[in-house]
Structures are given as C-alpha cells and as structure tokens.
1. What is the residue count in the range 62-79 for residues that are of a type in the set (Val, Ile, Thr), surrounded by 24 or more Cβ atoms within 10 Å (Cβ to Cβ) and outside any loop (DSSP other than H, G, I, E, B)?
2. Which condition number in (1) in contact (Cβ under 8 Å) with a residue 40 or more places away in the chain; (2) more than 19 Å from ASP283 (Cβ to Cβ) is the one that ILE11 fails?
3. Of all residues being buried (at least 24 other Cβ atoms within 10 Å of the Cβ) and in a loop (DSSP other than H, G, I, E, B) in the range 160-180, which is nearest to the ligand (Cβ to nearest atom)? Just the residue, please.
4. Could you check PRO193 against (1) in a loop (DSSP other than H, G, I, E, B); (2) at pLDDT 95 or above; (3) within 15 Å of the ligand (Cβ to nearest atom); (4) surrounded by fewer than 21 Cβ atoms within 10 Å (Cβ to Cβ) and say which number it fails?
5. Scan the range 7-55 residue by residue and report those that are of a type in the set (Asp, Glu), more than 16 Å from ALA74 (Cβ to Cβ) and at pLDDT 95 or above.
6. If a residue has to be in a loop (DSSP other than H, G, I, E, B) and out of contact with any His (no Cβ under 8 Å at 6 or more places or on another chain) to count, how many in the range 138-157 make the cut?
7. Can you say whether PRO154 is within 12 Å of the ligand (Cβ to nearest atom), at pLDDT below 95 and in the same structural domain as LEU105 (by TED's automatic domain parsing), as far as the supplied structure shows?
Amino acid sequence: MNRLTRDIGYIDLRFQDQSEVIAAAVLHSSFGAAIVDPGPAVTLETLGSELRRHGIAVSDIRTILLTHIHFDHAGATGAIVNENPGVTVYVHVAGIRHMADPARLIASARQIWGDELETLWGEFKAVPETNLRGLTGGERIRIGERELEVAYTPGHARHHVSYFDHDSGIAFVGDTAGIRVGPSPYVLPPTPPPDLDLAAWQTSVEAIERWRADTLFLTHFGPHTDTVNHMRAFVDHLAELAEIARRIVAQESREEGLSHFTVAVSKLLRQRLPETTVRHYEDAAPIRLCWLGLERYWRNQGVGGAA
Ligand SMILES: [Zn+2]
C-alpha cells in the first residue's frame, strides 16, 4: 500500500499483472477500514493480500464507498460483503438496484466484453439490499474521525458520485477527472456507453473544482497534486476527444467510424505519451469503448443520423 497520509493509502491492484491501471483507496484507523472502489472481482486476491500486509483483515472493513458501479470499480464489492456481512456500501441511488441484483448490469457488460467478461473482470456478486445506502450528493459520511462530503458527479456514468475529505484535502473522484498515469500531463477522458453525458460532465468538473482539493485521487491511477492544471487538461482533452468523434460520426459510416477513431486517438496518445505509458491508458479506457460512448452520445444529439 502506498501512503497518502498517516491513515489514508492506496493499493495498486495490478490488474492483468500490470502496475498503475486500477487503484483502490484505503482509509484506516481505530474504527477499522473503509475502501473507496475495491476494484474488480478478478483482483480481489491482490486487494486482500495487500490489506493483510498492512495489518488489515477483511473483517476490519466497515465501509465501502463506491464512486460508480462499473466492473473495474465495484466488481469485488459483493464478494467482500459475502465474507464480511457487516460492511456498509455507499453508492448513488441509481446504482442500488444493480448492486442488489446485477443481472442487467452483467448482461449489458456482456454486450461489450462477450465471452471475455468473466476472465477479464471476475464474478460480479450481488450485495444484499440491507448493506446498501443510497446517495444523491450533498451528504456527509462519517468514517471514524473523518467526515467525507459527497458530490453527485455524472458524465462518465449517470450514477457517479465523488467523495471529499476536507481534513486531508483529498478528493476521491473515480473516473470524473479522467485517467492519468504518472507525471504525464495527458489526461484521457474515459467515455464509455451507455450514459456518457458531456454537459453533465462539465457541471461535475465544476463541483470538483469547488472543493479546491489538494489531491485528486483517480482510480486510474492514483494521486495527483497539480489539481488546477489537471482539471484544465482534462476539460481540454475531453473537448478534443469529443470533437474527433463528432467529426467522424458526421462524416463516416458506422463501420468505418471505429477504425478512424482508433487511428486518430492512438496517434494522439503516442504524440503525447511514451509508448510504455500508452498501454496503461488504453487498458484503463479501451479506445473502442470511448468510441462507442461518444458515437452513441453524438447520434443521440442528432449528429450523423439517429442512434
Ligand atoms: Zn467507469
């Protein structure tokens, strides 16, 4: 576990044996432990062994704070609650029914990942409704001596929330502030289907900026302290990616769109990032998914014919 403060750290879940793709944040003290986004079920073993290495057992986990219910953030939750039925799971109200009965969530993920779904992400287990607490934004959650503020931050997903710890100045923003690995200034916006919403995302950016956080903690990947520049870069790069997709949707057929978008974005990533880093970005936000989200978004806006 890497330390952020005396009692806040994070674990590199080594998704697909790679470092710096998925991070789980851990808040721990005398009250037990809280985890922000425990990650996919497939990296549960890494999560458990890293926690144990720091003296934290699954039975010490009191709280799971989900930013949203995508497999790479929330997939391990059900398995943890199975092992420790005392865990309270916070999630946006729109995510509650999917956490309690993930059948529809799994079906829609299968449309994207096909037969690779289980191998890639592991089994998404249900969480009993009695363990779930719904959020809409504006709440304050007590975690030991800490109090986390909740903001509703849709855009990447309709059911996305972010958490801010005033004491440490750390904002846990899930995917709302994009993907950024290491000191590279490039922030890649993950724009998957089905509920990508660019206007809502802008409002969410403003909500995060209002916190004036000292540190933005990204699931992909880790803490970044140049928060003002980070958010500015994120907004620019989201607009850039959206415009690339909009032009392609307006001009090309559906079949050609994906390959043209892939070529354009791969080129853009390679202009700005070393080859070794590009892989981390592409693993965290596959270009195909970014295209599917943006294409659907623009067609819904009436660009290039209806969705
Ligand atoms: Zn996501």
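The values are calculated or read from the model by the stated rules, or taken from the named source; none is laboratory data. Quantities reported herein were computed from a predicted structural model and do not represent experimental measurements. Here the Cβ is made from the backbone with ideal geometry for all residues, glycine too, and neighbour counts use every protein chain on show.
1. 2
2. So ILE11 meets the others, but not (2).
3. So the residue we want is ASP175.
4. (2)
5. ASP12, GLU45, GLU50 - these are the residues of the range 7-55 that are of a type in the set (Asp, Glu), more than 16 Å from ALA74 (Cβ to Cβ) and at pLDDT 95 or above.
6. Counting residues in the range 138-157 that are in a loop (DSSP other than H, G, I, E, B) and out of contact with any His (no Cβ under 8 Å at 6 or more places or on another chain) gives 5.
7. no
Here's the yes/no breakdown for (1) of a type outside the set (Asp, Glu); (2) more than 16 Å from the ligand (Cβ to nearest atom):
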{"residue": "VAL58", "(1), (2)": "yes, yes"}
{"residue": "VAL81", "(1), (2)": "yes, yes"}
{"residue": "ALA94", "(1), (2)": "yes, no"}
{"residue": "GLU118", "(1), (2)": "no, yes"}
